[in-house]
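Read the figures in this text as sums done on the coordinates, not as results from a lab. Because the structure is predicted, anything quoted here is derived from the model rather than measured.
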Amino acid sequence: MYHYTDGNIPPWAGKLIRLLYLAHAEGELPIASAVERINTTIERAQKQRIVLCSKKSGWAAKLQPEPA
């Protein structure tokens, strides 16, 4: 059984994490697909950085791959 020990998350978030884990572990396809999408999104976001540039019209942001 998954158990998150950090007490700094709201109780509803801990319940949601446990629900997603149990549904994924039991092989519920829609939940497994959602978890896979979340994992892919997080992995992609961790390998990028946001670069802000000042322009006359304001700030502009662009994504760049994290340097190796």
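Computed quantities for the displayed model
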read-out	value
Shape call, segment 25-68: gyration tensor on alpha carbons, a/c limit 1.5	oblate
Reach of Lys47 by Cα under 17 Å, taken over lysines that are not fewer than 8 positions away in the same chain	Lys62
